[in-house]
Amino acid sequence: MKIHRIATIPGDGIGKEVVPAGRRVLEALAATDPALRFEFEDFDWGGDYYRRHGRMMPEDGLDRLRGKDAILFGSAGDPDIPDHVTLWGLRLRICQGFDQYANVRPTRILPGIDSPLKRCAPGDLDWVIVRENSEGEYSGAGGRVHQGFPNEAATDVTIMTRSGVERIIRYAFELARTRPRKQLTVVSKSNAQRHAMVMWDEIAVSVSRDFPDVKWDKELVDAATARMVNRPATLDTIVATNLHADILSDLAAALAGSLGIAPTGNIDPQRRFPSMFEPIHGSAFDIMGKGLANPVGTFWSAVMLLEHVGEPAAASRLMAAIEKVTADPSLHTRDLGGSATTEQVTSAVCNALGAGSHR
Ligand code: IPM
Ligand code: MG
């Protein structure tokens, strides 16, 4: 039996509430299944660590994570530290240092959750957004000159490499192929952006030749937002650049009921390094410490983690427990219009696991 070595990094804000909750449900799973074992190690990196040490994580942080099978992450962001410091110092450092180039964001309307799309049947919205996670608009290339003078100039340069684009589009085709509808929408903005986006589209055409069984189409990112709202059932798997998919995935999460539910995997498909799983929401300092955070995004991220480490049965059990809990409106947190606490939702999922049909 393999022991899964999991690093937990709560980070900042409500990350410190939802990650321990995520660990609790994983432990509850293991408690009811003798064949499932985890070894957790917690890392206190983030804003408080920065105040003590002047950096978000230690210099050898990546080395300390390298031997893990997966990482469960909370969120990075602190009202007293500039966002680009918290982001680049921790989360992006891990994503880029471990070349987690595929950011995978499934969205569905879970049982009991009210979607703002009034004409949408629950099954109409069942998407996976694949976000390029290593370059593009987030490459970090650029700079500022003449700072403070009227002629100050600043650039953020989008960098797309043929190998980087090809690998993400190939990953998306492969993922689309595993889903029942075998359908992929490739998003870009190649009508207005004349270089990188045009190459992105060309590469999609050439990669598609290896996937004759996957139905695919192209959509411009602005039109994609309208299609998500007006014709959600026409979409299934979606691949987009780092920034476009960042925006589309918030829209997707909101259309599915709440940002508090949505999960993410930052995945190294080649498994050279640990992959990292996290809720898509941020650190939400306004509600921190009040027990109001919705832990479902973290639980669903834990489902993705289990799938990634080769525990599909445990992943299905956890997903079923989550759906049992979301189906009960008395267990909805404030973001869903309810008044349940993080603790109540977590206990309910643990109970659902204990009472499940397992064994
Ligand atoms: C996300 C977030 C991050 C991103 C923020 C926190 C920088 O919005 O994971 O979608 O843009 O990558
Ligand atoms: Mg985002």
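The values are calculated or read from the model by the stated rules, or taken from the named source; none is laboratory data. None of the values given here were measured: they were computed from a predicted structure. Every residue, glycine as well, gets a Cβ built from its backbone with ideal geometry; the counts of neighbours run over all protein chains shown.
Brief remarks on what is shown
Residue by residue, here is whether (1) touching a residue at least 40 places away in the same chain (Cβ under 8 Å); (2) in the same structural domain as residue 43 (by TED's automatic domain parsing); (3) surrounded by 14 or more Cβ atoms within 10 Å (Cβ to Cβ) holds:
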residue	(1), (2), (3)
96	no, yes, yes
127	yes, no, yes
155	no, no, no
161	no, no, yes
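- Of everything in the stretch 114-137 that is in contact with a Leu (Cβ under 7 Å, 6 or more places away or on another chain) and at pLDDT below 95, the residue that is farthest from residue 335 (Cα to Cα) is 117.
Per-residue answers, yes or no, for (1) more than 16 Å from ligand 2 (Cβ to nearest atom); (2) modelled with pLDDT of 95 or more; (3) surrounded by fewer than 17 Cβ atoms within 10 Å (Cβ to Cβ); (4) closer than 16 Å to residue 160 by Cα:
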{"site": "179", "(1), (2), (3), (4)": "yes, yes, yes, no"}
{"site": "182", "(1), (2), (3), (4)": "yes, yes, yes, no"}
{"site": "193", "(1), (2), (3), (4)": "yes, no, yes, yes"}
{"site": "196", "(1), (2), (3), (4)": "yes, yes, no, yes"}
{"site": "215", "(1), (2), (3), (4)": "yes, yes, yes, no"}
{"site": "238", "(1), (2), (3), (4)": "no, yes, no, no"}
{"site": "242", "(1), (2), (3), (4)": "no, yes, no, yes"}
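- Filtered by the rule that a residue be without any contact (Cβ under 8 Å) to a residue 40 or more places away in the chain and in a strand (DSSP E or B), the stretch 76-94 gives a lone residue, 81.
- Under the condition of being within 16 Å of ligand 1 (Cβ to nearest atom), assigned to a helix (DSSP H, G or I) and touching a strand residue (DSSP E or B) at 6+ places or on another chain (Cβ under 7 Å), the residues counted in the stretch 225-253 number 9.
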